[in-house]
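Below is one structure, written out as structure tokens, with a few remarks after it.
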Amino acid sequence: MVNDPFKALAHPIRRGIVERLAEGPATVGEATAGFGVSKPAISKHLKVLEETGVVTRAVVGRTHRLSLEPAVLSEAADWMDRQRALWGRLFDVVDDYLKEQDPS
């Protein structure tokens, strides 16, 4: 399994599926309705979501039910939070420097 949530979220259709699954588990049809792409294209997007561990699939009879795995996405969120904090500190340093350089 490739654990890369950024790959999973790199396409708007995959982000849309994730948003729908954030509301709760859904069948493949419920989670993927309305995207206006072919079933093979949907299958490719679901494959990426499953390979990255963002989505799991449970098969009961003929019904395929998808569920979101929030722990995988939390790794990406944690990384983004660290980056936001780092860049915030860097911008504060630049702001302080520019204030010191202001002759008024």
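The values are calculated or read from the model by the stated rules, or taken from the named source; none is laboratory data. Note that the structure is predicted; figures quoted are calculated from it, not measured. We place every Cβ from the backbone using ideal geometry, glycine too, and count neighbours over all the protein chains shown. Surface accessibility is based on the protein's heavy atoms, side chains included, excluding ligands, DNA and RNA. Shrake-Rupley method; radii C 1.70, N 1.55, O 1.52, S 1.80 Å.
Where (i) 39, 27, 22; (ii) 73, 27, 23; (iii) 56, 28, 25 are the candidate values, the label of the one calculated here for Cα extents along the principal axes in Å is (ii).
Whole number in Å², please: accessible area per residue of the chain, 1.4 Å probe, ligands, DNA and RNA not counted.
Ligands and nucleic acids excluded, the result is 69 Å² per residue.
Between residue 100 and residue 15, the simple spin-label model (points 7 angstrom out along Cα→Cβ) gives 3.9 nm. Dipole of the chain computed with +1 at Lys/Arg Cβ and -1 at Asp/Glu Cβ about the Cα centre; of 9, 36, 88, farthest Cα towards the positive end is 36. Counting heavy atoms of the protein chains alone, residue 35 has an accessible area of about 50 Å² for a 1.4 Å probe. Straight-line cross-link partners of residue 7 among the lysines, defined as a Cα under 25 Å from its Cα and at least 8 positions apart when in the same chain: 39, 44, 47. Using the average count of surrounding beta-carbon atoms within 10 Å as a protection proxy, the listed peptides 90-98, 9-17, 45-53 rank, highest first, as 45-53, 9-17, 90-98. Element breakdown for the chain at a 1.4 angstrom probe: carbon and sulfur atoms account for 58% of the accessible area.
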